[in-house]
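Contents: one structure, followed by commentary.
The values are calculated or read from the model by the stated rules, or taken from the named source; none is laboratory data. Please read these numbers as outputs of a predicted model, since none were measured by experiment. As a convention, Cβ positions derive from the backbone with ideal geometry for all residues, glycine included, and neighbour counts pool all protein chains shown.
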């Protein structure tokens, strides 16, 4: 092996070592910061939703009602439905936490945060969402929203975490996906009805708050 190749491999090894330290540091910062928040609900949803859309107002109202019921709010800290949830929590005087991801073309964090943490790594950010949430509310959204839903579902399905309420908000949006799961995944025995019961579909902020209060005692 030539010196140049040895030098390149050495540089790559050093870079990987420093990456491990950055990962550990990000985990420590997240845990140290979030340990003070014990009673939070994580809300996910599209960053592309505009404030003029009805679902934005519904998300804002949901967050406000959750705060009044005694829960804090955790979102991805960005615009759209994340902003709506943080805004509702902030205006209600509650904990409004944003777990912001650093991306090359990502939007800026919204202005309704009482606590913000920046993450470089998606997997650490998702760990914090699960670790510090007493329930998930999944609003309509794109692939990032489905990614967060899938993460929580699989962890609960495989008993890697204690199951907690996972609410899908909006039957008009989610029923098509659930119908496909029943039509295809059940047919191929990839999923069972009892496993699908890990998620609940609800259609109003009041229903969501009532459901969470029945299943999450604070």
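Computed quantities for the displayed model
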{"item": "Residue within the range 10-17 that is out of contact with any helix residue (DSSP H, G or I) (no Cβ under 6 Å at 6 or more places or on another chain) and surrounded by 12 or more Cβ atoms within 10 Å (Cβ to Cβ) present", "result": "no"}
{"item": "Any pair with Cβ under 7 angstrom, 6 or more apart, that starts in the range 195-218 at a residue that is within 11 Å of residue 137 (Cβ to Cβ) and ends at one that is in a loop (DSSP other than H, G, I, E, B)", "result": "200/165; 209/69; 211/165; 212/165"}
{"item": "Qualifying residue in the range 88-96 (condition: in contact with a helix residue (DSSP H, G or I) (Cβ under 7 Å, 6 or more places away or on another chain), crowded, with 24+ Cβ neighbours inside 10 Å, assigned to a helix (DSSP H, G or I) and at pLDDT 95 or above)", "result": "yes"}
{"item": "Unmet criterion (only one of (1) within 20 Å of residue 67 (Cβ to Cβ); (2) modelled with pLDDT of 95 or more; (3) over 18 Å from the mean Cα position of the chain (by Cα)) for residue 217", "result": "(2)"}
{"item": "Qualifying position, being outside any loop (DSSP other than H, G, I, E, B), more than 15 Å from residue 140 (Cα to Cα) and either modelled with pLDDT of 95 or more or assigned by TED's automatic domain parsing to the domain that holds residue 151 (or both), among 74, 8", "result": "74"}
{"item": "Lone qualifier among 85, 69 - being modelled with pLDDT of 95 or more, surrounded by 14 or more Cβ atoms within 10 Å (Cβ to Cβ), farther than 21 Å from residue 144 by Cα and assigned by TED's automatic domain parsing to the domain that holds residue 138", "result": "69"}
{"item": "Candidate set from the range 97-107 (those that are within 17 Å of the chain's Cα centre (by Cα) and farther than 15 Å from residue 30 by Cα); member that is surrounded by the most Cβ atoms within 10 Å (Cβ to Cβ)", "result": "107"}
